[in-house]
Structure formats: structure tokens, C-alpha cells
Amino acid sequence: MPDFDVDFSDERRQEVIDYVSEKYGHDHVSQIITFGTMAAKMVIRDVARVLDYPYSEADTLAKMIPNEIHMTISKALDQNKELKDRYDTDEETRRILDIAMALEGMPRQASTHACGVVITKDPVDTYVPLYVRDGQINTQFIMTTLEELGLLKMDFLGLRNLTVIQDTIELVKENYGIDVEFDKEMSDPKVYKLWQEGNTSGIFQFESQGMTNFMKELKPDCLEDLIAGVSLYRPGPMDQIPRYIRGKQNPGHNEYTHPSLEPILNVTYGCMVYQEQVMQIVRDLAGYSLRKGRFSS
């Protein structure tokens, strides 16, 4: 089953959960458990505390772990010579790190998934076990297990940016008497000039330095450029960014591997950016229907 991701103002997210609970039944709606796991620094401190190791020494050991994503104690021993020397020469350090490596990655505490909500045809407890945390019902199975069971997962994400936007609309109305209508006019060149000049601080998904530099080089002048920009600035399609910029700057000079690709990819200057473009390509060029695993006649 696919899941559904919907963003709401963080001040009103609970209203959405209350609504679906009323609509489908409180016993048909549940939030989802998630487990915090013992990362490298945390597990070292936990093990040291249980072994009654001095806090200052444990803190020193933990701080020897590099601050990198997905860092493990094993990787840290390869990267940090000082930590490796202590491991090789100090029996107490070796004992702590050996136990910590055995426990690393194991669940440490249960909490509630930030946005996941499961909605079921029959009462949730006919599908999965439940538990109560602070009066709130959660599944005992994590998100990926629920998906494997074929249950429908909704992501109701509370987004602070949407609250800021709503507050801004209300303040503009209060102070200037103007009703801001987002979908009324989307071609004001003064608005796009903000992106072209790199003035994107405070604009959701456009605040990072890398994205700001991308926008200054791209010089977007329409909503399609902004949509494509957000889609391109991800690990998978990021390699397509130079090609997209060239296509934007030299319209009419884009190259297509096959003429049938042009009506599908012309909006993104020959770059394959969206999942829907991939679906359309396999449909038009390979004869697939949009139904999984079926060829069209």
C-alpha cells in the first residue's frame, strides 16, 4: 500500500487526528510506535554509568566519537587514533567499548512516531497489538512492519512553516487590510527576484546555502522552476542540476534520446526529474499500462 503524506499547521495537527478518529471510529485509528536506538555516544555513556565509571571519563570517551551521520564505535576506532590507542592500552576502556559495541543500535526507549497514523477497516487491535503511552494509543509494531502487513498509513505532519505563513496572512490582513490569495497570481517578477538574488532566508526548503546558490545560478522566473528545483536538490537527481540549468539558459537546444521523450521531458528541459515522468516513459515507450505489471494492448 502507498502511504499519504499531508502537511498541516503544527498548531492544528491534533484537530486532523481527532477528525479521522471521529469519522472512522476511535478504535479504527491509532498512532504508531517508534523506537529510539542507542547511538555511539549515547551507548558509551549508558554503559559507563551502569559500570560506575566516572562521568568525566565517560564524557571524554564519548566526545572522541566523530560527529558524523551513521557514525559507529567501530568506525570511530578506525578514524580516531587517540581512541584506538586507549582501546588497545586501557583495559577499562576496552571493556566499556566492547559492551557498547554489542549494545549499539538496539532499541533504548519507545516513543510516538512524529507523524504516522494508521487507519483500519476493522478495529486496529484485530490487526496488531496496541499499547498506551500517556493516555495515547499506539501500535506496538513500527511503521515498516505495518506497511508489510498492508495497513494504510497516513503521515499527518505538523509543520511550523505553515503556522508562520498563516500568522503572516493574518498580520497582513490586520495591519494592511489586504487578503493574501496564494493561487490568484503566481507570475509577479518581483517575487522571483528574491530567488534570483539569493534572498531565500525564511523560505521553506530554500534556506540552505547549497539551494540558495542553485537558485542564484538557475534564476527561476516561474513556479515550475521552483518545483523542479526542490525536486532536483536531492541525492538521486542532483546530478541533473547542471543539465537543467543549461536547458533553462538555452531553451530549444535540449537533446532527447528518442523523439517520444520530448513531450514528456520538455517541461524539465530534457531532465528526468519526476516519478510521474518515469511512469509516462515506461508507458509510452515500453507499452506498459499504469497498472502494476501489465502491458497495454
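The values are calculated or read from the model by the stated rules, or taken from the named source; none is laboratory data. As the structure is a computational prediction, the values presented were derived from the model and not from experiment. Every residue, glycine as well, gets a Cβ built from its backbone with ideal geometry; the counts of neighbours run over all protein chains shown.
Pick out the one residue from Gly247, Gly202 that is small (Gly, Ala, Ser) and more than 30 Å from Gln166 (Cα to Cα). Lay out the reasoning, then the answer.
Details: Gly202 fails: more than 30 Å from Gln166 (Cα to Cα).
Sole residue among the options that is small (Gly, Ala, Ser) and more than 30 Å from Gln166 (Cα to Cα): Gly247.
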**Fill in**
By residue number, the members of region 1-49 that are touching a helix residue (DSSP H, G or I) at 6+ places or on another chain (Cβ under 6 Å) and assigned to a helix (DSSP H, G or I) are Ala40, Lys41, Val43, Ile44, Arg45, Val47, Ala48
**Request:** Please state which of the following conditions Ala102 fails to meet, knowing it meets all the rest: (1) at pLDDT below 95; (2) surrounded by fewer than 17 Cβ atoms within 10 Å (Cβ to Cβ).
**Result:** (1)
**Asked** Which condition number in (1) at pLDDT 95 or above; (2) within 27 Å of Tyr269 (Cα to Cα); (3) β-branched (Val, Ile, Thr) is the one that Ile203 fails?
**Response** (1)
**Prompt:** List the pairs whose first member sits in region 55-74 and is within 15 Å of Asp90 (Cβ to Cβ), whose second member is loosely packed, with under 14 Cβ neighbours inside 10 Å and not basic (Lys, Arg), and whose Cβ atoms are under 8 Å apart, counting only residues at least 6 apart or on separate chains?
**Reply:** Met64/Glu82
**Message:** Could you tell me how many of the residues in region 235-251 are under 11 Å from Asn266 (Cα atoms), within 28 Å of the chain's Cα centre (by Cα) and without any contact (Cβ under 8 Å) to a residue 24 or more places away in the chain?
**Reply:** 0
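Per-residue answers, yes or no, for (1) of a type in the set (Lys, Arg); (2) without any contact (Cβ under 8 Å) to a residue 24 or more places away in the chain; (3) assigned to a helix (DSSP H, G or I):
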{"position": "Thr212", "(1), (2), (3)": "no, yes, yes"}
{"position": "His253", "(1), (2), (3)": "no, yes, no"}
{"position": "Leu265", "(1), (2), (3)": "no, yes, yes"}
{"position": "Gln277", "(1), (2), (3)": "no, yes, yes"}
{"position": "Arg283", "(1), (2), (3)": "yes, yes, yes"}
**Prompt:** Taking region 151-184 as the search range and keeping residues that are farther than 18 Å from Ile203 by Cα and aromatic (Phe, Trp, Tyr), which one is surrounded by the fewest Cβ atoms within 10 Å (Cβ to Cβ)?
**Reply:** Tyr176
**Filtered residue count, region 187-201, keeping only those that are loosely packed, with under 12 Cβ neighbours inside 10 Å and either part of a loop (DSSP other than H, G, I, E, B) or hydroxyl-bearing (Ser, Thr, Tyr) (or both)** = 3
**Asked** Do we find that Ser21 is of a type outside the set (Phe, Trp, Tyr), assigned by TED's automatic domain parsing to the domain that holds Ile137 and surrounded by 18 or more Cβ atoms within 10 Å (Cβ to Cβ) in this structure?
**Response** no
**Message:** So, in region 206-225, how many residues would count as being under 17 Å from Ser187 (Cα atoms) and either modelled with pLDDT of 95 or more or in contact with a helix residue (DSSP H, G or I) (Cβ under 7 Å, 6 or more places away or on another chain) (or both)?
**Reply:** 7
